[in-house]
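Inspection log for the structure reproduced underneath, given as structure tokens.
Nothing in this text is a laboratory measurement; each read-out follows from the coordinates by a stated rule. None of these values were measured; they are calculated from a predicted model. Cβ: placed from backbone, ideal geometry, glycine included. Neighbour counts: every protein chain shown.
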Amino acid sequence: MQHSTQDILFSTFAFALGTTVGSFLNVCIYRWPVDLSINRPHRSFCPQCKHPIPWHHNLPLISWLALGGRCANCRAKISFRYFAVELVTAVLFLAIWQRFPWQVAIAYWIFISFLIIGTFIDFEHFIIPDRVTIGGTIAGLACSVIVPALMQTNSRVAAGVRAALAAALGYVILWIVLEAGKIAFGRKRIEFDGP
């Protein structure tokens with residue numbers, strides 16, 4: 001199977017973009033559960049010594065490997081999660097790019113980014129912040145209207161209605177799981193934030 005130069009360039013770009021987005025997702029995964037802003041401080045910092053990380057020690061994938069998974073300043077171990085998130089995001093961005101038309105691929109990149117954030121926060125903290133669930137729902141609705149092919153239609157209105165129904169169904173399923181958990185375990189395992 002031959003690949004054109006254009007295919008190789010776009011695939012390389014998709015992978016590189018995935019590593020960069022993965023690096024940003026790591027910022028969200030680390031900061032959101034502890035109520036830190038994603039833009040203050042502007043620069044990434046070592047979770048241990050809080051020393052700002054210079055750009056040349058913050059290159060996705062490469063820096064973690066070059067530094068042996070340690071902070072260049074204090075030599076504390078940096079979690080493998082940082083490398084894993086960047087690699088998983090890059091591989092998924094590449095796979096999505098190679099499988100779908102560009103409009104659909106971009107929408108799936110947004111969707112997969114929310115899934116990665118939610119998954120890794122849940123692994124570490126056993127929570128999924130509203131920024132992920134509500135933000136992901138809003139992004140899903142918007143992407144469905146902008147790219148109706150996501151909902152197997154050409155109509156933006158039909159896509160919006162289908163996406164809204166899917167979001168409502170997801171909420172109902174989660175509510176049923178919550179109620180079943182209360183019956184089975186006698187306590188709330190999942191909480192919805194009140195208004």
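Determine the dipole magnitude for the range 129-195: charges of +1 sit on the beta-carbon of Lys and Arg, -1 on that of Asp and Glu, nothing else is charged, the reference point is the Cα centre, and the result goes in debye to the nearest 20. Intermediate results must be reported in sequence, preceding the final value.
Working: 7 positive and 4 negative charges, 19 e Å.
That gives a dipole near 80 debye.
Calculate the dipole size of the range 17-162 relative to its Cα centre from +1 charges on Lys and Arg beta carbons and -1 charges on Asp and Glu beta carbons; express the result in debye to the nearest 20. Walk me through the numbers before you get to the answer.
Values: 12 positive and 5 negative charges, 56 e Å.
Dipole magnitude for the range 17-162 comes out near 260 debye.
Backbone amide hydrogens, once placed in the peptide plane, bring Phe45 within less than 5 Å of Ile53, excluding anything fewer than 5 places away on its chain. Exposure proxy for Ser4, Ser113: other Cβ atoms within 10 Å of each Cβ, ordered fewest to most, give Ser4, Ser113.
Mind running the shape call on the chain? Use the C-alpha gyration tensor, a ≥ b ≥ c as the square roots of the eigenvalues: rounded below 1.5 for a/c, prolate if a/b tops b/c, oblate otherwise. Here the chain falls in the oblate category. Positive end of the dipole of the chain (Cβ unit charges, origin at the Cα centre): among Ala166, Cys49, Ser79, the Cα lying farthest that way belongs to Cys49.
Once you reduce the range 136-187 and the range 1-76 to the center of their Cα atoms, the two points are 31 Å from each other.
Ordering Thr89, Thr153 by the number of other Cβ atoms within 10 Å of each residue's own Cβ, fewest first, gives Thr153, Thr89.
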